[in-house]
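Below is one structure, written out as structure tokens; the observations come after it.
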Amino acid sequence: MKIRQDRLAINPLQWVASADGWIDPTLAPPLDGQLSVVRDAGIKALHSAVPGDLTPQEYAVRLAEYGISPAPGYIPVRLTEDATERQTFRDTAARVAEQHAALGVPTVFLAMGMAKDAERVARPAVGHLADPGRLERVRDLLAEIAGIIRAEGITPAFHPHVGTWAETEEETRFVLDTVDASVLAFGPDLGHLAWAGADAVRLVRDYADRVASVHVKDLDLGLAAKAREAGWGYRRTVLAGLWSEPGHGNADIEGFIGALPEDFDGWLIVEVDRGAQPTPEQSVRLCGEWIAKYA
């Protein structure tokens, strides 16, 4: 299928991949430096993350100076019994949704978040310690936060993520089957679903009418399977070379995109959680070359 040119974007995580196999936002270079590289790679839209020192309007102007448009960003939440922490998640969701509305971006990805010491970070991608009661609480939390996002006029898209309490195909289906489509859309990530052994193509086909936007990641499926079987942790698997630039791994990207409905008008956002190239800049350029195929 032909993806709309104004719906092709990147979330340049390459810059924030830390030496220990995690993500560290403090590693990001100044915004202008990122935008210059993204522009020179021929990429015309960027995952939205409004810096704390800019208003959404100022952020949009900065992007426009480089010929770049804002694309859907990301809201992570976690299960907690702490009322203050839970309120922080609510407030953050409302703020990010309000920013998206100001930017004119109609969708945001909604996921369960991770922590370095989490049980599924130690044993990822296999549904470790699966518990129906906890999954119901996860569902309820996602539905609650989705309602807050909807109140700002933004569509929340559920994003299953390895290392969280919503990572497997079974858990993905449970959330989507028990939260009404009018509340929660679907924002699948090819890489995280494939790492967990899910059939991402079938999921997209089965929930095609709910897919609002997607993340495209490429990976080494053989390494993912080896890591699941051997019980490797999240960071060990990443550091072993799990991720690659699109077209440089063996995920079924063509099948994933081809499963989207013909009238799909959501965003296709490329992510490389840890670049396989010597520098983030080289990685972003390869992403731009892949995106150009669909432009």
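What order, most packed first, do the peptides 278-289, 48-59 have when packing is the mean number of other Cβ atoms within 10 Å of each residue?
Descending mean neighbour count gives 278-289, 48-59.
Of the candidates D209, D189, D180, which one comes out as most mobile in a Gaussian network treatment of the chain with C-alpha springs shorter than 10 Å?
Comparing D209, D189, D180 in a Gaussian network model of the chain, the most mobile one is D180.
Classify the range 239-286: rounded, prolate or oblate, from the alpha-carbon gyration tensor (a ≥ b ≥ c, eigenvalue square roots; a/c under 1.5 rounded; otherwise prolate if a/b is larger than b/c)?
prolate
Dipole magnitude of the chain about its Cα centre, charges +1 at Lys/Arg Cβ and -1 at Asp/Glu Cβ only, in debye to the nearest 20?
With Lys and Arg at +1 and Asp and Glu at -1, about 280 debye.
Picking from L239, P132, A194, whose Cα lies most toward the positive end of the charge dipole for the chain (charges on Cβ: Lys, Arg +1; Asp, Glu -1)?
L239
Using a 10 angstrom cutoff on alpha carbons, build the Gaussian network for the chain and name the most mobile of A240, A17, A71.
A240
Of A28, L286, A60, which is farthest on the positive side of the dipole of the chain, counting Cα position, with +1 on Lys and Arg Cβ, -1 on Asp and Glu Cβ, and the Cα centre as origin?
L286
Towards the positive end of the charge dipole of the chain, with charges on Cβ (+1 Lys, Arg; -1 Asp, Glu), say which of M112, H47, V183 has the farthest Cα.
H47
Net charge around G42, counting only other residues with Cβ within less than 9 Å of its Cβ (Lys, Arg = +1; Asp, Glu = -1)?
+1
Only the coordinates and a few stated rules stand behind these numbers; no lab work does. Source: prediction; values computed, not measured. Backbone-built Cβ (ideal geometry, glycine too); neighbour counts: all protein chains shown.
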